[in-house]
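Each reported figure results from applying straightforward, stated rules to the coordinates on display, with no laboratory input. As the structure is a computational prediction, the values presented were derived from the model and not from experiment. Backbone-built Cβ (ideal geometry, glycine too); neighbour counts: all protein chains shown.
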Amino acid sequence: MCLGALALSLGGAALAVNHLRQSRPAQAAAVDHGPLPAPVRAQVLALLEQHLLDAELQDLRQGAVREFRVKGRTREGLAQDFYAGFKPAVAGRLMPLLRPYGEVLSFDIASLDLPPARLRPLPGKD
């Protein structure tokens with residue numbers, strides 16, 4: 001009986017280890033730290049202008065890390081109304097547009113305190 005339980009435990013552990021090895025995330029494509037293409041910048045600004053007044057996209061560099069900072073003021077009077085439209089736009093459209101070009105997306109939106117979002121792993125942090 002003990003041998004059966006031991007065999008089942010070892011078999012389950014072997015299956016779990018095998019699954020973890022196979023489900024390892026694929027390496028992300030190299031980041032392009034060159035100039036942000038004009039069509040991408042235009043798409044980003046068009047998206048931001050739907051939600052922000054005086055929308056701005058800043059391109060900042062800190063060593064090997066490229067950060068995109070979004071600045072502006074909300075068009076909505078209430079934070080919950082702003083978040084209802086802005087968060088899905090950021091996750092669904094803004095982050096995929098900027099992910100190939102940088103590592104961090106941060107926000108400087110008047111009257112709101114949004115945390116930065118990691119677009120990809122930072123260089124040298126494997």
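Give me the compactness ratio for region 38-118, meaning the Cα radius of gyration over 2.2 N^0.38 Å.
1.03
Applying 1/(1 + (r/R0)^6) with R0 = 22 Å to the Cβ-Cβ distance of A91 and Q50 gives a FRET efficiency near 0.90. With 0.36 nm allotted per residue and the present C-alpha distance subtracted, the D81-R61 stretch has 4.0 nm of extension available.
Taken about its Cα centre, region 38-118 carries a charge dipole of about 260 debye when Lys and Arg each add +1 at the Cβ and Asp and Glu each add -1 at the Cβ.
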